[in-house]
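The values are calculated or read from the model by the stated rules, or taken from the named source; none is laboratory data. Bear in mind the structure is a predicted one, so any value in this text is a computation, not a measurement. For neighbour counting, all protein chains shown are included, and Cβ atoms are generated from backbone atoms with ideal geometry for every residue, glycine included. What goes into the accessible areas is simple: the full protein's heavy atoms, side chains included, and nothing from ligands, DNA or RNA. Shrake-Rupley method; radii C 1.70, N 1.55, O 1.52, S 1.80 Å.
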Amino acid sequence: MPKGAVNAFMIYELLGAHDEIAADTATLAYLARWERVHALYCRHQWIEAAAGFAGLADERSGDKLAQLFAARCRGYSAEPPPAGWDGVQRFESK
């Protein structure tokens, strides 16, 4: 969440028009892999998720969101979030 926000919210990345994405098998395969890796993240499997996100970033020549999640997983691997963590990233500064 941005600093000062009180409610969590989803941020989506626009990849293209629906008809373009639906016809692009490479993008659909990438999205399926993203969902599998994100499931690892949600299960707190930090090492596996970090590797998966890094692979996604490499595949899509520097996918910034995959790079962000890979770094976040490496951080959580070293210092796990508290018990009961809801998956929301909270920022304390700008």
Legend entry - Among the candidates Ala54, Ala70, Ala39, residue that is open to solvent by less than 50 Å² (accessible area, probe 1.4 Å), assigned to a helix (DSSP H, G or I) and free of Cβ contacts under 8 Å to residues at least 12 places away in the same chain: Ala39
Legend entry - Checking Gln89 against (1) in contact (Cβ under 8 Å) with a residue 24 or more places away in the chain; (2) part of a loop (DSSP other than H, G, I, E, B); (3) open to solvent by 60 Å² or more (accessible area, probe 1.4 Å), the condition it does not meet: (3)
Inset, instruction - For the range 4-16, indicate whether the set of residues that are part of a helix (DSSP H, G or I) and at pLDDT below 95 is non-empty. - result: no
